[in-house]
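Okay, structure first, notes after.
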Amino acid sequence: MANEERIRHVVSLIEAHPEQWDQKNYGRRTDCGTTMCVGGWAIATYAPERMEWVKMLQWLGGEWLEVTPGPGGTDDDDSFDATDVGKLAAELLDLNPNQAVQIFYFGVRHQPTILDLKRRITEATGIEFPGTVSA
């Protein structure tokens, strides 16, 4: 069952800092600042010690969020793997794989609104937000 308290807290952080929310990437850090999607915010909030920033594809600029292996884990190939980021974020929010996909992988073509985000979370988890009616 999704962790309602943590999900609500992450949404409240996004509402307080919308300029740092970008649903297209788990996390990206540039000279202009840092942006994260819901999953990135979950990791930054509940497992910041696992965050690691890596440079990828020079032409994209900036650094991208990666996570270090948890206790007893290994990173055998030492390559960037967004799957690891998604798995950790889902674990931190107690999301099943279907819920994680519905919440983390929407908005990659255009930035959704916070209302869109709340509706998507409600559709995926049943967690309702005051003043939000599903479309």
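Before moving on, here are some points about what is shown:
- Distance between modelled label sites at Glu128 and Thr45, nm, 7 Å Cα→Cβ extension: 2.1 nm
- Residue exposure proxy: Ile43, Ile114, ordered by other Cβ atoms within 10 angstrom of their Cβ from fewest to most, comes out as Ile114, Ile43.
- Relative packing of 90-96, 107-113, 123-129, which averages over residues the other C-beta atoms within 10 Å, highest first: 90-96, 123-129, 107-113
- Gyration tensor (alpha-carbon) shape descriptor, segment 91-135, a/c threshold 1.5: oblate
- Fewest-first ordering of Met36, Met51 by other beta carbons within 10 Å of each residue's beta carbon gives Met51, Met36.
- Charged neighbours of Pro112, selected by a Cβ distance under 14 Å, balance to +1 (K, R count +1; D, E count -1).
- Spin-label pair Val54/Thr113, simplified geometry with 7 Å Cα→Cβ offset, distance in nm: 3.7 nm
- Additional length obtainable on full extension of the chain from Lys87 to Thr68, 0.36 nm per residue less Cα span: 5.6 nm
Since every read-out is calculated from the coordinates, none of them should be taken as a lab result. Bear in mind the structure is a predicted one, so any value in this text is a computation, not a measurement. Every residue, glycine as well, gets a Cβ built from its backbone with ideal geometry; the counts of neighbours run over all protein chains shown.
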